[in-house]
Amino acid sequence: ATKERAELGSKRCFYSMRIHEALRRNGRSAAVVAYEIGVSREAVSATILGKNHSARVLDALRGAGVPEKYLFDPRYPERWAEKETAA
């Protein structure tokens, strides 16, 4: 499972610019998301870069309008698995 989580992290890191773009489109930033959920900017950054898989941060990013296809949330493999097979 650790290898899978590392793989998901590197995929999310690959899309980190897309995550930031989605936040900007919705008038948010990683710093704003961090403030809204009461965590450090570093915690949000580490999750966006795939170093962490914080459920709280992933849920906040989802709530801020980041498309599921960029999140690679380990809790919901069905949400990104079919996108991979289609790619």
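The values are calculated or read from the model by the stated rules, or taken from the named source; none is laboratory data. In this text, all values refer to a predicted model and were calculated from it rather than measured experimentally. No Cβ is skipped: glycine too gets one built from the backbone with ideal geometry, and neighbour counts run over all protein chains shown. Surface areas here come from the heavy atoms of the whole protein model, side chains and all, with no ligands, DNA or RNA. Shrake-Rupley method; radii C 1.70, N 1.55, O 1.52, S 1.80 Å.
Just going by the charge dipole of the chain, with Lys and Arg at +1 and Asp and Glu at -1 on Cβ, which of VAL32, ALA6, ALA64 is farthest out on the positive end? Sorting the options by dipole projection puts first VAL32. Put a dot 7 Å past the Cα of ARG56, heading toward its Cβ, do the same for GLU42, and the two dots end up 1.5 nm apart. Over the stretch 1-70, Cα pairs under 8 Å with separation of 6+ residues give a relative contact order of 41 percent.
Mean-square fluctuations from a GNM of the chain, with a 10 angstrom spring cutoff on Cα atoms, peak among LEU61, LEU71, LEU23 at LEU23. Dipole size of the chain about its Cα centre, with +1 on Lys/Arg Cβ and -1 on Asp/Glu Cβ: approximately 180 debye, rounded to the nearest 20.
For the chain, the 222 nm mean residue ellipticity estimated from helices alone, with every DSSP H stretch of n ≥ 4 adding -39500 (n - 2.57) and the total spread over all residues, rounds to -19500 deg cm²/dmol.
A 1.4 Å probe run over the chain, with the rest of the protein chains in place, finds 59 Å² accessible per residue.
With a Förster radius of 30 Å applied to the C-beta separation of ASN26 and ALA6, the computed FRET efficiency comes to 0.55.
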